[in-house]
Amino acid sequence: MTLYIDPPTWPGHGRMWSHLVSDVSYEELHTFAAAIGCPARAFERDHYDLPSHRYADAVAAGAVEIGSKELVRRLTTAGLRRPKGRPA
C-alpha cells in the first residue's frame, strides 16, 4: 500500500492543506484515511484534504511525500483523477 501526500501549501478556511491520494484505488485511499482518523467528509472527488497539522501523521503512517505536480501525474496515470466538473 502506497499513499501519496503533497506539501501543505493549499490555503483554505484559515489553514494550509495537503492532498492525500492513492494511485491504486479509492478503497485503498479510504482504508488509509480511516486508519489515521481522517473523517469521510474530508474526501473530495479523488483525494482527501488534510490540514497541515495532520501532515506528519500521514507521513508517519507511511504516506510518501511528493510534489503537487507529481501527485496529480500519478493520480492521472492511474486513471483515478476526477477534476471538478467531471462526473464521479
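Screening VAL24 against (1) free of Cβ contacts under 8 Å to residues at least 24 places away in the same chain; (2) open to solvent by 60 Å² or more (accessible area, probe 1.4 Å); (3) in a loop (DSSP other than H, G, I, E, B); (4) of a type outside the set (Ser, Thr, Tyr) leaves a single unmet condition, (1). Hey, can you tell me all the residues within segment 52-88 that are modelled with pLDDT of 95 or more and part of a loop (DSSP other than H, G, I, E, B)? Selection gives ALA61, GLY62, ALA63, ILE66, GLY67. For segment 1-30, a residue qualifies if it is under 17 Å from VAL59 (Cβ atoms) and of a type in the set (S, T, N, Q), and the qualifying residues are THR2, THR9, SER18, SER22. Criterion applied to ASP57, ASP46 was being over 12 Å from the mean Cα position of the chain (by Cα) and not polar (S, T, N, Q), and the one residue passing it is ASP57.
Out of ALA78, ALA63, ALA58, ALA35, one residue alone is open to solvent by 60 Å² or more (accessible area, probe 1.4 Å) and not β-branched (Val, Ile, Thr). It is ALA35. Of the listed requirements (1) part of a helix (DSSP H, G or I); (2) over 13 Å from LEU3 (Cβ atoms), ASP49 misses just one: (1).
The values are calculated or read from the model by the stated rules, or taken from the named source; none is laboratory data. Bear in mind the structure is a predicted one, so any value in this text is a computation, not a measurement. Heads up, the Cβs are rebuilt from the backbone with ideal geometry, glycines too, and the neighbour counts pull from every protein chain shown. In case anyone asks, the SASA skips ligands and DNA or RNA and just uses the protein heavy atoms, side chains included. Shrake-Rupley method; radii C 1.70, N 1.55, O 1.52, S 1.80 Å.
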